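Working notes, structure below.
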Amino acid sequence: MKELIEKIATILYNKKANNIVALDVTELTVITECMIIASGRSTMQVKALGEEVEDRLTEMGIEPARKEGYQDGKWIILDYGAILVHIFHQEDRDFYRLDKLWETEDNRIAMPFENQED
């Protein structure tokens, strides 16, 4: 599963998503094992980020069980079962503070691109 988490986060990173965070929430909820949270600068970018994740995973034969939020483009959720992908417009992310709600002192999953220069 870590490989898929890194793949999704890298897709978001390559498409210029902001503040990408992956959290292991296995011990916190029964609805999923991991949440990947990212932001876009506009509703158009939020939609493009969601479409890119969906398209790349579909190419791998992986389809979301559910998807929501494309109509408004402010908070898109892609449900891949063990992995929930949340893509926010930055204002909505600041309001809902989902990563702050689910982050503990040791559940952040390190990403391969985190210490790279942009």
(message) Restricting to DSSP H runs of at least four residues, report the calculated mean residue ellipticity at 222 nm for the chain, -39500 (n - 2.57) per run over all residues, nearest 500 deg cm²/dmol.
(response) -10500 deg cm²/dmol
(request) Order by neighbour count: 96, 13, fewest other Cβ atoms within 10 Å first, most last. (result) 96, 13
(request) Pick out which of 100, 16, 47 has the largest mean-square fluctuation in a Gaussian network model of the chain, springs linking Cα atoms closer than 10 Å. (result) 100
(request) Just subtract the alpha-carbon distance of residue 29 and residue 4 from 0.36 nm times their residue separation and send over the number in nm, one decimal. (result) 7.0 nm
(request) Report P(r) for the chain: all Cα-Cα distances, bin width 5 Å, range 0 to the bin holding the largest distance, values in whole percent. (result) 2, 12, 24, 26, 23, 11, 2, 0
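If neighbour count is taken as other Cβ atoms inside 10 Å, put 63, 33 in order from fewest to most.
Details: 63 11, 33 18.
So the ranking, lowest neighbour count to highest, is 63, 33.
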(request) Would you mind ranking 6, 27, 68, 105 so that the residue whose beta carbon has the fewest other beta carbons within 10 Å leads the list? (result) 105, 27, 68, 6
(request) Calculate the dipole size of the chain relative to its Cα centre from +1 charges on Lys and Arg beta carbons and -1 charges on Asp and Glu beta carbons; express the result in debye to the nearest 20. (result) 300 debye
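We did not get these values from a lab; they are worked out from the coordinates using the rules stated. If you're wondering where the values come from, they're calculated on a predicted model, not measured in any experiment. Cβ: placed from backbone, ideal geometry, glycine included. Neighbour counts: every protein chain shown.
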